[in-house]
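The values are calculated or read from the model by the stated rules, or taken from the named source; none is laboratory data. Here the structure is a predicted model, which means the values were calculated and not measured. Backbone-built Cβ (ideal geometry, glycine too); neighbour counts: all protein chains shown. Just so you know, the surface numbers come from the protein's heavy atoms only, side chains and all, with ligands and any DNA or RNA stripped out. Shrake-Rupley method; radii C 1.70, N 1.55, O 1.52, S 1.80 Å.
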Amino acid sequence: MISLEQFQEELEHCIQNAIREDVGPGDYSSLACIPETASGTAKLLVKEQGIIAGVAFAEQIFHYVDPALQLQLFIPDGTAVVPGDVVFHVTGSSQSILKAERVVLNSMQRMSAIATKTNSYVQLIAGTGAQLLDTRKTTPGFRAPEKWAVTIGGGANHRFALYDMIMLKDNHLDFAGGIAHAIEKTKRYLQANHLDLQIIVEARNLQEVQEILDAGGVFRILLDNFDFETTRKAVALIGNQCLTESSGNINENTLRAYAECGVNYISSGALTHSVYNLDLSLKAV
């Protein structure tokens, strides 16, 4: 996985690009009618039930726009909220607050939606021993906050990108000439380039599970689109030889059943690609 320093750099890139995109050469609406010396306070108001996320990220956004802005925090990330809750007050330059407003709201609304969905999935598999993972099915340019939101909701992060873990999926296996060839080539590549990366290999059936086990050196086998019965057979076949992950068309109706098959992980792209923003607003106090 990427380091905390790399992750923070990704967050900073997100903020810089979002402000560039939204503000451009200037927030002319505020510049036109709000005096430069004006100051005020705004509150982050919750308008929908869910899990709040993005509070710490919002503070980074405000401080990027204007280091003099001050936040008074009432409700931290990961807290269940209901309509009417006030998450924080932000005080300082009125122009600065308005300049940051949309980026803060867009970020927190999406992050809160992801945290809320993640938390509901985590509750569904509680007590099974399976851990919920996200995927790379994220919004381009906004991956770091979205993966952060998954952890706030109680899930865990899969690989961040293509560079921090090896994941050999069906196309890799087919293009490489089969499972054995793909795994062997990968091992040689990692050794030759002095890379210490975990290897995950996707299996489409039990025969491929056995081929992966025969090749050896794999950290985790991804059981892609297996039904419940085949998943249980795969888990029994794999035993303690490596970890297991279920993925593919898993939703709130099937999640618990897959977890009860005994897999170590369940990954779901829906955590980040199928959410509706939580309704929040920033209002002058």
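Within segment 34-63, being more than 19 Å from T118 (Cβ to Cβ) and of a type in the set (S, T, N, Q) holds for T37, S39, T41, Q60. Among the candidates E260, E229, E245, the residue that is among the charged types (D, E, K, R) and touching a Leu at 6+ places or on another chain (Cβ under 7 Å) is uniquely E245. Every test in (1) part of a loop (DSSP other than H, G, I, E, B); (2) open to solvent by 50 Å² or more (accessible area, probe 1.4 Å) is passed by Y64 save one, and that test is (1). Filtering segment 73-106 to residues that are open to solvent by 20 Å² or more (accessible area, probe 1.4 Å), more than 19 Å from K117 (Cβ to Cβ) and of a type in the set (S, T, Y) leaves T91, S93, S94. Considering segment 171-224, the residues that are within 16 Å of S246 (Cβ to Cβ) and in a helix (DSSP H, G or I) include one that is most open to solvent (accessible area, probe 1.4 Å), namely L206. For segment 142-160, the criterion of being acidic (D, E), closer than 30 Å to S3 by Cα and modelled with pLDDT under 95 is satisfied by no residue at all. Restricting attention to segment 225-234, the residues being of a type in the set (D, E) and part of a helix (DSSP H, G or I) number 1. Does at least one position in segment 269-277 carry a residue that is of a type in the set (S, T, Y), farther than 29 Å from L105 by Cβ and modelled with pLDDT of 95 or more? No - not one qualifying residue is present in segment 269-277. Quick one: is A257 in contact with a Phe, Trp or Tyr (Cβ under 8 Å, 6 or more places away or on another chain) and free of Cβ contacts under 8 Å to residues at least 60 places away in the same chain? When the stated conditions are applied, A257 passes them.
Of F62, F57, all but one fail to be aromatic (F, W, Y) and in contact (Cβ under 8 Å) with a residue 60 or more places away in the chain; the exception is F57. Here is a check on your reading of the model: is L237 surrounded by fewer than 23 Cβ atoms within 10 Å (Cβ to Cβ) and part of a helix (DSSP H, G or I)? Yes. Counting only residues that are surrounded by 12 or more Cβ atoms within 10 Å (Cβ to Cβ) and more than 27 Å from I152 (Cα to Cα), segment 1-37 holds 5 of them.
The residues in segment 1-58 that are assigned to a helix (DSSP H, G or I) and either among the basic types (K, R) or in contact with a Gly (Cβ under 7 Å, 6 or more places away or on another chain) (or both) can be counted, and the count is 3.
Residues are listed down the side, and each one gets a yes or a no for (1) under 30 Å from K43 (Cβ atoms); (2) buried (at least 22 other Cβ atoms within 10 Å of the Cβ):
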{"site": "R232", "(1), (2)": "no, no"}
{"site": "T244", "(1), (2)": "no, yes"}
{"site": "G248", "(1), (2)": "no, no"}
{"site": "E252", "(1), (2)": "no, no"}
{"site": "A259", "(1), (2)": "no, yes"}
{"site": "N264", "(1), (2)": "no, no"}
{"site": "L278", "(1), (2)": "yes, yes"}
{"site": "S281", "(1), (2)": "yes, no"}
{"site": "V285", "(1), (2)": "yes, no"}
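Only one of the numbered conditions (1) more than 30 Å from I15 (Cα to Cα); (2) open to solvent by 60 Å² or more (accessible area, probe 1.4 Å); (3) not basic (K, R) is not met by L162, and that is (1).
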